[in-house]
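In what follows, a single structure is set out as structure tokens and then discussed.
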Amino acid sequence: MRFPLALTAKIARHIVKHKLLRTSKFALVLQLEPLHTCNLTCTGCGRIREYSTSLKDMMSLEDCLASATDCDAPMVSICGGEPLIYPKIEELVVGLLEQRRIVYVCTNGMFMRKKMKDYVASIYSPKLEPKIAKLLEEKLITDKDAETIRKADEKARAKVTIRPSKWMYWNVHIDGLEYTHDLIVEREGVFKECVEAIKMAKILGYQIATNTTVYKETQVQEIEQMFEFFSSLEVDGHTISPGYEYDAAKKDMVKRLNKQPEDFFLTRKMTREKFAKIQEWGERFTIFGTPVYQEFLAGKRELTCTAWAIPTRNIKGWKAPCYLMTDGHYGRYQEMLEKVDWNKYGVVDGVARDPRCENCMVHCGYDPSGALGTNYQRGDNWKNLKYNFSSKPKAYYEGRQVNAFNGWSIGKGHLAEAKAAINSAPTKGSNGSGCASGDASQHNDLLAKITNKKDA
Ligand code: SF4
Ligand code: SF4
């Protein structure tokens, strides 16, 4: 099966239950942001900007767990900021698993190895020596780490840790191969750390997914190579979504500067071009997301936004209308459902109800729309079911040949190059919103300059 049976069955049961109850709107995935602090400062990241005044604030553990109960989504995606900075992250993961939810920990990968070392220390016995030997052989831990694990004291053994579970995935943010990824996250060595964390997670039996945002300057060929490379590491799945810009002021720029939208952001047309091969990717790799959403991304059908199905909860409350736009925060999920005029958002028959929605095709607005939205077509449920139950694509071991380490690892430090490129070209403005799947203009800008410089 492409996805574990228990997980597929859980989600199917949730949808069927609400269909039978005729619930018009309900949550499928909770995007939980316990904090907005991050150890990175990725180009264009809106989370660390939109919430810059509340970076030090965080939700209590109780509030986080109560939010999951409040919306009762079967899946919870813990994001942020960087969720591994959240002091109670272990308790949060354990608490959500105890609530019998499917948990995704969306991380930039920098603290994963530390968390996994804590786990190994907490369960250490001589039986684990073969795994420790493997981790040492692959240089994923040091001799000193191994000694610390072996000498774990009572406190280390009693520590709550994030353990491998069929109900939990590490979801690692990867936006390209080494050069591109390190450039976007603005720190050299991050890609390498992510790869090492992924290798370590696989040895220890965790489930791993990658999470990629496609920007205007993202090369489709690089995305394919990235899938090939991570498939060779036996990654369990990939989420992929188009980058998004909603700054209505850019509309104004079109008017005032007489520029075409294509000059500076990923339009629907461009998204469809970039994702033209997504169904083919879905056959070759374990792409998370429904085939109906894949058809939408490839431009083969329309969908209406169902942002209420993937709600976001953070320190300020339930964020409406969606993960990307903030028109208000509400105390309870039901209150948000009732008070927001959902008919004001999305694109219907090619017409944007809100200008900010015009170019949005992101997964948190549209992935569940085939099953839950108004564009349901006969056979959609069967199509989704067939996709989930079909056999999982085999690992693509030829992907080991991909030149993934094409930047910092081979002494091609991009930061100096990026700085030179930035200094040599004027900078366009950006409203800087969105974490990973948010505002793309700064990423586009930076990547365009690098591409131009390379071409030159
Ligand atoms: S995009 Fe994610 S990893 Fe990067 S700075 Fe923002 S919160 Fe941190
Ligand atoms: S179309 Fe996109 S931006 Fe608009 S409400 Fe839906 S998810 Fe949000």
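One compactness figure for the range 66-177 is 1.16, namely its Cα radius of gyration divided by 2.2 N^0.38 Å. In terms of the mean number of neighbouring beta-carbon atoms within 10 Å, the peptides 330-336, 143-149, 67-73, 124-130 order highest first as 67-73, 330-336, 143-149, 124-130. Exceedance of the 31 Å cut-off in Cα-Cα distance is limited, within the set 17/202; 344/383; 19/300; 88/127; 166/192; 339/386, to 17/202; 339/386. Classified by the C-alpha gyration tensor, the range 1-157 has an oblate form. Its axis ratio a/c, with a ≥ b ≥ c, is 1.5 or above, and a/b does not exceed b/c.
Taking the Cβ of each residue in 178, 98, 217 as the centre, tally the other Cβ atoms inside 10 Å and list the residues starting with the fewest.
In order of increasing Cβ crowding within 10 Å: 98, 217, 178.
Amide H contacts for residue 390 (H built 1.01 Å from N in the peptide plane; partners 5 or more residues away or on another chain; cut-off under 5 Å): 2.
Each part reduced to its alpha carbon centroid, the range 351-407 and the range 180-251 end up 15 Å apart. The simple spin-label model puts a point 7 Å past each Cα toward its Cβ; for residue 277 and residue 12 those points are separated by 3.2 nm.
Only the coordinates and a few stated rules stand behind these numbers; no lab work does. These figures come from a predicted structure and were not determined experimentally. As a convention, Cβ positions derive from the backbone with ideal geometry for all residues, glycine included, and neighbour counts pool all protein chains shown.
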